[in-house]
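The values are calculated or read from the model by the stated rules, or taken from the named source; none is laboratory data. Just so we're clear, the structure is a prediction, and the values are computed from it rather than from any experiment. Don't worry about glycine lacking a Cβ; one is built from the backbone with ideal geometry, like all the others, and counts go over all protein chains shown.
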Amino acid sequence: MQARRLGRGKPLWEKGVVCAPISRDSWAMRIKLDHVAIAVSDLESAIRDYEALGLSPERIENVPTQKADVAFLDVGGAHIELVAPTDPSSSVARSIDKRGEGLHHICLEVEDIALALAALKAKGVTLVNPEPVPGAGGSRVAFIHPKSMRGVLVELVQKV
Ligand code: ZN
């Protein structure tokens, strides 16, 4: 199979061949999946639905900066975050109005969110939050605009 070429550079990949690791920026060395968030209109009934999978909330809290209540369900280290709006003006409420309930964002944990945001800005990535804002559990978070991530809203988190 012919490798796809981007410009005149080396082929990015060849089908059936293990890709060579890219050299990551230092801020991205320990990047990992933290959670997958699902927008729900009613947190309690959503929790009951997910209990069918044997999952139960590890913690439930209000996140004022997102105008939302969130429940985190552990799935082997990563989490499912159920996000319910507490105000019709919140972005998750607008998302449910537009697209209905469902997948809302993915969240990647980074060690140094300020460094990550600076690197992303330098690469021309469009950020919803150019500076970190307070997130759940005392964390600092920032969202990357879906137009820079193939239609997926991506949250970065730095834990305390
Ligand atoms: Zn999240």
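Restricting the search to the stretch 39-73, which residues are of a type in the set (Ser, Thr, Tyr), without any contact (Cβ under 8 Å) to a residue 60 or more places away in the chain and not in a helix (DSSP H, G or I)? Matches in the stretch 39-73: SER56 only. State whether the residues of the stretch 74-84 include one that is modelled with pLDDT of 90 or more, of a type in the set (D, E, K, R) and assigned to a strand (DSSP E or B). Checked against the condition, which is being modelled with pLDDT of 90 or more, of a type in the set (D, E, K, R) and assigned to a strand (DSSP E or B), the stretch 74-84 yields at least one hit.
If only residues of the stretch 123-157 that are away from the ligand (no atom under 13 Å from the Cβ) and more than 16 Å from ILE106 (Cβ to Cβ) are counted, the one that is surrounded by the most Cβ atoms within 10 Å (Cβ to Cβ) is PRO132.
Per-residue answers, yes or no, for (1) assigned to a strand (DSSP E or B); (2) within 14 Å of the chain's Cα centre (by Cα):
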{"site": "VAL92", "(1), (2)": "no, yes"}
{"site": "ASP97", "(1), (2)": "no, no"}
{"site": "LEU103", "(1), (2)": "yes, yes"}
{"site": "ILE106", "(1), (2)": "yes, yes"}
{"site": "GLU111", "(1), (2)": "no, no"}
{"site": "ALA114", "(1), (2)": "no, no"}
{"site": "LYS121", "(1), (2)": "no, no"}
{"site": "GLU131", "(1), (2)": "no, no"}
{"site": "GLY137", "(1), (2)": "no, no"}
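Just for the stretch 27-39: of the residues that are surrounded by 12 or more Cβ atoms within 10 Å (Cβ to Cβ) and modelled with pLDDT under 80, which one is farthest from the chain's Cα centre (by Cα)? Selected residue: TRP27.
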